[in-house]
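Q: Have a look at this one before I ask anything.
The values are calculated or read from the model by the stated rules, or taken from the named source; none is laboratory data. Since this is a predicted model, take the numbers as computed values, not measurements. Virtual Cβ from ideal backbone geometry, glycine too; neighbours counted across all protein chains shown.
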Amino acid sequence: MSDNVTIDATPFTRVDAGSKKKKLSLKPVPIVIGLIFILLFLAALFMFTARAVRFNISPIPDHLSVTTGFFNYRLGERFLMLPGDYVIAAELNGYRSLTAPVLVGSDPDQDFDFEMVKLPGMLAIDSIPEIGADVFIDQVLAGKTPLVLDEIEAGLHDISLRTERYLPYESEIVIEGKRLKQELDAELEPAWAEISLSSLPADATIYVDDLESGATPESIEILEGNRQLKVKKQGYKVWQSELEVVHGQAQQLTEIILIKSDGKISIETSPPSVNVTINEKYRGQTPLSVTLAPGKSYQVLLSKAGYEQISRTIQVEPEEDLSLNLTLNPVVGSIRISVQPPGGELFVDGNSVGNPSQQLSLTASRHILEIVKEGYATYSTTVTPQPGLSQQLLVTLQTNDEARVAAIPQTIVTSTEQTLTLILPDKLKMGAGRRERGRRSNEVQKDVVLTKAYYLGIHEVTNKQFATYDPTHDSGVFGRSLLNEDSRPVVNITWEAAVRFCNWLSERDQMPVAYHQKNGKWQLISPTTTGYRLPTEAEWAWAARYASTPTRFPWGAAMPPPKGSGNYADESAEGMVPYHIVGYMDSFRGPAPVGTFKVNELGIYDLAGNVSEWISDYYSVELERDQLTDPLGPDTGDYYVIRGSNYTNGRFSELRWTFRDYGSEARRDVGFRIARSVE
């Protein structure tokens, strides 16, 4: 067989696609069943791991949804949600859209609280008359009338209008918000009155507070108040008078009769301070210059206690300057003094004259007599000897103990150097009338009678004084202002801490305590002891508002306060308190050292401004129809009365005398002052 074999090629044929082996095909029914089981498993897993979440939104929105986060399902008032981060969205007509992040935790039941915020309201303000008055919203200038505020936040706002020649308009308004439009028509009262005056002769120039205002006869508008009127004409005396102008009350003055220019008399005497009467009319004391109408006779009478009278008849010519220099002769009277027990030293007008029991010859004028004897109280009296008469003065000296019993001191000082002044009682109306602007519902007006004299601290208790009792106390800070300085009033103390201080001070000064505990609460002992205590609300109101003629505010009847009126929320407090007094500066952001501002008529400082003060009474708003006598307040309660404005107050209502606050916890704007019963 040959080694060379020929191999023939086999022809290549592509396999037909239809001849391939078919793949395995799945039936739809098993697939669907499988997917259902997967979904059921996922649903069961979701139900097992989901948390029940409720969103408490006030007021209830029209629409609430969960916009981002994992899958969630709403079931009634709750959502089923997996733990994690979500964002909810709520909508309600008249309110701002609410969008808020929510972190769902692991607790099975969870609640989230949200508050919908009202959309701003609209306010249209106009003045009657329409004169372009400045409008202040919460003491911030907003524009001039007529004014439409397109956006004003919902809530309570102070409204005031100011314009020249009209009284300030003060009010409060509650803005409903929700884009509702409200209207306020402020009726302004003119601050002037029409004054008509004429003169004889006419065509005299009229001056009001030294400003030329017209010529007689004339009717002029003069702003209310005490005004100085002058009428001048060449060759005549200047006519002048004070005029009390009340707005809206027109006055027709009696015709002014101008008098031709006078002459002048100048009188000097020895001794000085002699009473001068001309034609039976008192003109003053020497040295004295008096203008007199020319062409008349005048009877000049000079008199002084203890001296003989001098009488002269004079005449003056026009523009003449007549001088009189006269000497008065003294007249004397006799006083015989008898003193028991004998001995000691007698002083007359501060000069020693020896033994008290003697007969004195003194000028017939007022003299001060003092008798000093060791172991006895100094006796002091005034006498006026009568010429030609012998008077007797019988004196029985009191021992020092007897004198102390007979005299109640005007002021007392505690061992912690707190001065208290004596307050005499009287009647008062405590609270505010229903129609008083700015009145709060708890300012119920009551008729009160105080029958017992009491002492009241002239200053609020300071940090230094309180530290004597509790050296660990910290009054804290207000912004960048330290409240712990020694001379500033102590704050951040509870009512109970103030009461404990009073009892501690009473024991320190060896006096009976004023408070005791009953059923776990401190109460003022009744009848009151002579120990130190907090003032009652009636005592505080009497010393604060009724020290002089009662007014709406501590400084008067209207806002804003004049410069230096007290320590209130001034410009420096802007951003630190809700309201401040625009344009007012008192130089203190926090409390001022006690006694910095003006003292009241009773000699007491800071009853308004600086810090508010704890009052002894439990807080109550009960209506009392009967007159109250020496009220001590309710027997029990949960809160205590707080009176007086403070350095954080800047609103119209809070600055009034009758504003009442209450509390039980320590506050950085509340301190206290002490009081004490006399008997």
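Each row is one residue, and each column tells you yes or no for (1) within 27 Å of Ile581 (Cα to Cα); (2) part of a strand (DSSP E or B); (3) in contact with a Leu (Cβ under 7 Å, 6 or more places away or on another chain).
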| site | (1), (2), (3) |
| --- | --- |
| Phe79 | no, yes, no |
| Ala100 | no, yes, no |
| Ser106 | no, no, no |
| Phe112 | no, yes, no |
| Ile125 | yes, yes, yes |
| Glu130 | yes, no, no |
| Val135 | yes, yes, yes |
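Q: The conditions are (1) farther than 30 Å from Ile159 by Cα; (2) in a loop (DSSP other than H, G, I, E, B); (3) in contact with a Gly (Cβ under 9 Å, 6 or more places away or on another chain), and Leu505 fails exactly one of them. Which is it?
A: So the condition that Leu505 fails would be (2).
Q: How many of the residues in segment 306-323 are surrounded by 13 or more Cβ atoms within 10 Å (Cβ to Cβ) and either in a loop (DSSP other than H, G, I, E, B) or in the same structural domain as Gln392 (by TED's automatic domain parsing) (or both)?
A: Looking only at that region, the number is 5.
Q: Quick one: in segment 599-611, which of the residues that are closer than 22 Å to Glu654 by Cβ and in contact with a Ser or Thr (Cβ under 7 Å, 6 or more places away or on another chain) is surrounded by the fewest Cβ atoms within 10 Å (Cβ to Cβ)?
A: Ile604
Q: Still on this structure, please answer the following. Among the residues of segment 536-544, is there at least one that is in the same structural domain as Val461 (by TED's automatic domain parsing), within 24 Å of Val678 (Cβ to Cβ) and assigned to a loop (DSSP other than H, G, I, E, B)?
A: yes
Q: Next up: Of the numbered conditions (1) modelled with pLDDT of 95 or more; (2) crowded, with 23+ Cβ neighbours inside 10 Å, Gly566 fails exactly one; give the number of that condition.
A: (1)
The rows are residues; the columns are (1) part of a loop (DSSP other than H, G, I, E, B); (2) buried (at least 16 other Cβ atoms within 10 Å of the Cβ); (3) outside the structural domain of Tyr166 (by TED's automatic domain parsing).
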| site | (1), (2), (3) |
| --- | --- |
| Glu212 | no, no, yes |
| Ser219 | no, no, yes |
| Gln228 | no, no, yes |
| Gln234 | yes, no, yes |
| Gln240 | no, no, yes |
| Leu243 | no, yes, yes |
| Thr269 | no, yes, yes |
| Ser273 | yes, no, yes |
| Gly284 | no, no, yes |
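Q: Select from segment 50-67 the residues that are among the hydroxyl-bearing types (Ser, Thr, Tyr) and surrounded by 11 or more Cβ atoms within 10 Å (Cβ to Cβ) and list them in ascending order.
A: Result: Ser65, single match.
Q: Does Ile335 meet the test of being assigned to a strand (DSSP E or B), of a type in the set (Val, Ile, Thr), surrounded by fewer than 16 Cβ atoms within 10 Å (Cβ to Cβ) and modelled with pLDDT of 85 or more?
A: no
Q: Is it the case that Phe70 is touching a strand residue (DSSP E or B) at 6+ places or on another chain (Cβ under 9 Å), part of a loop (DSSP other than H, G, I, E, B) and free of Cβ contacts under 8 Å to residues at least 40 places away in the same chain?
A: yes
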